[in-house]
Amino acid sequence: MILDAITPKQPRLLVADLDGTLLHDAKVFEDRFITQRSIDTINRAHDAGMQFAIATARPVSTGLQFAEKLPVDAVIYLNGALIDFDPAHSDFDLLTSGATPADENHLIKIGFSSRRACEVCLFLLDRMPGLKLGIVMNDVRYTNFDVRVYWKTQAFQYTNFHDVPEGVADKITIFPEPEQWNELRALIPPDFDISISEGVMWMLMNPQANKEHALHLLCERLDVPLEQTAAFGDDLIDINMMSESGRGVAVANANPKVLSIADEICPSNNEDGVAQWIEAQLG
């Protein structure tokens, strides 16, 4: 695969999605991995003065391990519902406590009340009995089904949506059957935005919790103009972030709609396409 339209000017900030973009595929979700080539290349770029951030729909429980392997200046978790601006001083307990650190510039949490989340879940179940859904809050999934169908290691608690603790929820996740999509879409309340990950999981989120908004916050915090950023992605939820960045780079395996809006295309995730693109910048 040819690296398309590479320009000589190096970006100051690189922002990369994980699944389908930076990580190699695996039959089991938990087995997806990042290669040493990608780690070494991103370290080289960081040493050369490029800042680096991860932007993923993953929660802390499955995203932190990758942040710990890379020279991250910021990490966007949960598609933008949680942003960590000081990863060097973060750990799992801090990121999932639900508490605000003493340093107000450390974390930003963009969600909605768990009470409102329960209202929405009960409403949807009243209209569509049997719908598989849940609430994600502080890295626990409160669900009406066994999430091990999709993820083997993520913590969950069964709920009837009357016993979820008070707090700030990150998102509502829904796993509709294909024939339920049209009916479900018509029922989503207007105070939520819909994102669909890998064509399977619906995420109902605060309208400000998305990768595009998170990119703007990163640029503001790191003092980097948008036009001096490069964003890498493969899925529909990456499109707005890629469109807003100075250079939106799609991996070759990306969804066709993502490929159609990309400024540039690099090799696939399983060929370390992001690393190849960065290597071309470094020369």
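The values are calculated or read from the model by the stated rules, or taken from the named source; none is laboratory data. What you see is a predicted model; the values in this text were computed from it and never measured. With ideal geometry, Cβ positions are generated from the backbone for all residues, glycine too; neighbour counts draw on all protein chains shown. These accessible areas exclude ligands, DNA and RNA; they are computed on the full protein's heavy atoms, side chains included. Shrake-Rupley method; radii C 1.70, N 1.55, O 1.52, S 1.80 Å.
Each residue in the range 158-190 was checked for being open to solvent by less than 70 Å² (accessible area, probe 1.4 Å), among the charged types (D, E, K, R) and either in a loop (DSSP other than H, G, I, E, B) or without any contact (Cβ under 8 Å) to a residue 60 or more places away in the chain (or both), and 1 of them qualify. Only one of the listed residues (A155, A88) is open to solvent by 50 Å² or more (accessible area, probe 1.4 Å), at pLDDT 90 or above and within 14 Å of L64 (Cβ to Cβ). That residue is A88. Screening the range 115-141 for residues that are farther than 22 Å from V200 by Cβ and touching a Phe, Trp or Tyr at 6+ places or on another chain (Cβ under 8 Å) and picking the one that is surrounded by the fewest Cβ atoms within 10 Å (Cβ to Cβ) gives L122. The set of residues from the range 100-114 being among the hydrophobic types (A, V, I, L, M, F, W, C) and open to solvent by 80 Å² or more (accessible area, probe 1.4 Å) comprises just one member, A102. Working only within the range 233-245, note down all residues that are surrounded by fewer than 19 Cβ atoms within 10 Å (Cβ to Cβ) and either more than 14 Å from G199 (Cα to Cα) or aromatic (F, W, Y) (or both). Passing the criteria: S243, E244.
Listed here are the residues, each with its yes/no results for (1) of a type in the set (G, A, S); (2) out of contact with any Gly (no Cβ under 8 Å at 6 or more places or on another chain).
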position	(1), (2)
D31	no, yes
Q51	no, yes
F66	no, yes
L70	no, yes
V75	no, no
A117	yes, yes
D126	no, yes
P129	no, yes
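So which residues in the range 177-208 are of a type in the set (G, A, S) and in contact with a strand residue (DSSP E or B) (Cβ under 9 Å, 6 or more places away or on another chain)? Of everything in the range 177-208, those that are of a type in the set (G, A, S) and in contact with a strand residue (DSSP E or B) (Cβ under 9 Å, 6 or more places away or on another chain) turn out to be S195, S197.
Out of F112, F123, I need the residue that is over 23 Å from the mean Cα position of the chain (by Cα) and among the aromatic types (F, W, Y). Which one?
Numbers: F112 fails: over 23 Å from the mean Cα position of the chain (by Cα).
One residue alone meets the criteria, F123.
The residues in the range 114-157 that are in a loop (DSSP other than H, G, I, E, B), among the charged types (D, E, K, R) and touching a residue at least 60 places away in the same chain (Cβ under 8 Å) can be counted, and the count is 2. Has the range 195-210 got at least one residue that is within 16 Å of L13 (Cα to Cα) and crowded, with 16+ Cβ neighbours inside 10 Å? Within the range 195-210, not a single residue is within 16 Å of L13 (Cα to Cα) and crowded, with 16+ Cβ neighbours inside 10 Å.
Within the range 248-260, does at least one residue satisfy the condition of being open to solvent by 60 Å² or more (accessible area, probe 1.4 Å), of a type in the set (A, V, I, L, M, F, W, C) and more than 14 Å from the chain's Cα centre (by Cα)?
First, the residues of the range 248-260 that are open to solvent by 60 Å² or more (accessible area, probe 1.4 Å): 253, 256-257, 260.
Filter once more, so that each one left must be of a type in the set (A, V, I, L, M, F, W, C): none.
No: zero hits.
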